[in-house]
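The block underneath contains the structure these notes are about, expressed in structure tokens.
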Amino acid sequence: MSSLAEKYQAFVLPTYGRFDLDIARGSGCLVWDFDGREFLDFGAGIAVCSLGHAHPEITEAISRQAATLVHASNLYRTAPQAALAGRLVGITGPGKVFFCNSGAEANEGLIKLARRFGSMTGRHEILTFEGSFHGRTMAGISATGQQKVKTGFGPLLEGFRHLPFGDLEAVEAAVGPSTVAVLVEPVQGEGGIHIAREAFLTGLRELCDRRDLLLLFDEVQCGLGRTGEWCGWKSLAPHVQPDGVSWAKGIANGFPLGAFWIGDGQRDDRGPLCDLLGPGSHGTTYGGNPVACTAGLKVLEIIERDNLRAAAVELGNQLVSALLDARLPHVSEVRSLGLMVGIQFDRESFPQGSRPPALETVVRSMGEGLLAIPAGETVVRLLPPLNVTADEIGEAVKKFSAAIGKLAKGAEPAPIRHS
């Protein structure tokens, strides 16, 4: 056991099943441990480091702002917060933004918006979906459609129902007198890269309009360029406009920042929806601080300047093509949208062992010098930075293939579906 592992064991709560790797530093798509071993990072902090590690322009912007003003409290106005809010409104639609520190907090804000919106009519129920993930707070795990995050934390926050992802008829049937909103990830990340169909998102918008419900999109993992569009849902159903959107992860390249947007539509006699959370209804101490907002502004600037949204599509297609060409054994499907790639393993053909297929593959990939992210027991996610290179993609697929090849034991590759 390393000295760092010993300190974690002694002083850090054991809430993560951490891999046996001590990361010392990073640069671009690479990280190194304290012994100098090099790894291609195709997890990017779980879709957080949109521009890779230690991007020099972001480092310079953060350093400059930190030498100017770090914190002033939200009792006052600061220029970086106003600028970033304006930028997010510009890429999403007319409305207003609230800044926080994480995706869980951003989703809490959307949940509170729905509760406030429904309070005048006695409605509070929010419909979410099986396989979803909305954060680790009590409201977040209550909203999440995965039992594993709920066990041992009851009673949960009342007022959530989980429906089959993509099943519009189930949503229609579930709407009742207490229903006030639908909360959905256009691309389920933690659930295994499951992608909503255009008809599903279009149908949800029509249903919400017809039944006076809010349509809320959780874009914490799929937003801000990763799918090839600023808004992940616009890669799927560009004509749909939600009532609220949550972001975090890739928004500030690793600097803690979350946000949610609320549209300016007037849904009742109380004025625009984005003014519904008035003074005293919601707050945060650190959210929207000048350093975090400066980081966010620089991230969006670089993605736009370097045309990285288009690159996400092109490089994502290249990554998928290379995976399919590799004819990987034990893989049944590859699901992708831009640089969100989920590799589905066939549990039946996968060699039996003490670890589930996703975990076994991720550990073996790490041994080859590649970092990937499990999603449940049978899916491995590849979420490289948006500025990953073609050469890095080729090298990553070689390492991934080598890891699986050592598991194959003569297994014949089967046809792999792509969706």
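Read-outs: derived from the displayed coordinates by stated rules, not from any lab. Remember, predicted model here, so these are calculated numbers, not experimental data. Cβ atoms come from the backbone with ideal geometry, glycine included; neighbour counts cover every protein chain shown.
Step through the table entries 96/234; 150/298; 148/249; 96/148, compare each Cα-Cα distance with 28 Å, and write down the pairs that go over it. Walk me through the numbers before you get to the answer.
Values: 96/234 19 Å; 150/298 37 Å; 148/249 22 Å; 96/148 34 Å.
Check vs 28 Å cut-off fails for 150/298; 96/148.
Just to be sure I understand: if I project the alpha-carbon convex hull of the stretch 1-147 onto a plane and average over all orientations, what area do I get in nm²?
Spelled out: convex hull of the Cα atoms, projected over all directions, averaged, 13.5 nm².
Grab the other residues whose beta carbon is less than 13 angstrom from that of residue 35, score K and R as +1, D and E as -1, and report the net. It would help to have the intermediate numbers written out before the result.
On the way: positive: 25, 37; negative: 20, 22, 33, 38.
After counting each charged neighbour, the total is -2.
Take the eigenvalues of the Cα gyration tensor for the chain, scale each by 5, and report the square roots as semi-axes in whole Å, largest first.
34, 27, 20
In terms of Cα to Cα distance under 13 Å, which aspartates and glutamates are near enough to residue 399, apart from those fewer than 8 places away along the same chain?
Cα-Cα hits under 13 Å: 38, 41, 368, 391.
List the residues whose amide H sits under 5 Å from the amide H of residue 163, counting only those 5 or more places along or on another chain, with H placed 1.01 Å from N in the peptide plane.
Correct list: 128, 129, 130.
With helices defined as uninterrupted DSSP H runs, which ones in the chain have an alpha carbon span along their own long axis of at least 18 Å and mean Kyte-Doolittle hydropathy of at least -1.0?
Within the chain the helices that satisfy the rule are 79-92, 103-118, 198-211, 290-305, 308-325, 390-408.
Placing one identical point scatterer on every Cα of the stretch 58-305 and ignoring solvent, what is log10 I(q)/I(0) from the Debye formula at q = 0.09, 0.11, 0.12 Å⁻¹?
Those come out to -0.36, -0.55, -0.66, one per q.
Please say if the stretch 109-200 is rounded, prolate or oblate, where rounded means a/c under 1.5 for a ≥ b ≥ c the square roots of the C-alpha gyration tensor eigenvalues, and otherwise the choice is prolate for a/b larger than b/c and oblate otherwise? Walk me through the numbers before you get to the answer.
On the way: a/c = 1.77, a/b = 1.11, b/c = 1.60.
Taking the square roots of the gyration eigenvalues as a ≥ b ≥ c, the stretch 109-200 is oblate.
Can you pull the one-decimal nm distance between simple spin-label points at residue 327 and residue 15, each 7 Å off the Cα toward Cβ?
Taking the simple label geometry, residue 327 and residue 15 are separated by 4.6 nm.
How much of the pair distance distribution for the stretch 45-122 lies past 16 Å, counting alpha-carbon pairs only, in percent?
On the way: 2116 of 3003 pairs.
In whole percent, the share of Cα-Cα pairs in the stretch 45-122 beyond 16 Å is 70.
Got a sec? How would 57, 219, 360 order by Cβ neighbour count within 10 Å, fewest to most?
Numbers: 57 14, 219 30, 360 21.
Result, fewest neighbours first: 57, 360, 219.
How many angstrom separate the Cα center of the stretch 153-171 from the Cα center of the stretch 376-398?
Measuring centre to centre over Cα atoms gives 32 Å.
With label points built 7 Å along Cα→Cβ from the Cα atoms of residue 398 and residue 23, find their separation and express it in nm.
For the pair residue 398/residue 23, the computed spacing is 2.3 nm.
Please arrange 60, 333 by how many other C-beta atoms lie within 10 Å of their C-beta, fewest to most.
Working: 60 11, 333 17.
Ordered from fewest to most neighbouring Cβ atoms within 10 Å, 60, 333 come out as 60, 333.
Report the relative contact order of the chain, percent, no decimals, based on alpha-carbon pairs under 8 angstrom and at least 6 residues apart. Working shown, then result.
Details: 840 pairs, mean separation 86.3, N = 419.
It rounds to 21 percent for the chain.
Direction-averaged shadow area of the convex hull around the Cα atoms of the stretch 176-321, nm²?
On the way: hull surface 43.1 nm².
Averaged projected hull area, Cα only: 10.8 nm².
Let me check I've understood the local charge: for residue 145, count other residues with C-beta under 13 angstrom from its C-beta, Lys and Arg +1, Asp and Glu -1. What total comes out?
On the way: positive: 148, 150, 161; negative: 130, 167, 185, 190, 218.
So the surrounding residues net to -2.
Report the antiparallel proportion of the DSSP beta bridges in the stretch 210-334 as a percent, rounded to a multiple of 5. Kindly include the intermediate steps, with their values, before the conclusion.
Details: 6 of 9 bridges.
Here the antiparallel bridges make up roughly 65 percent for the stretch 210-334.
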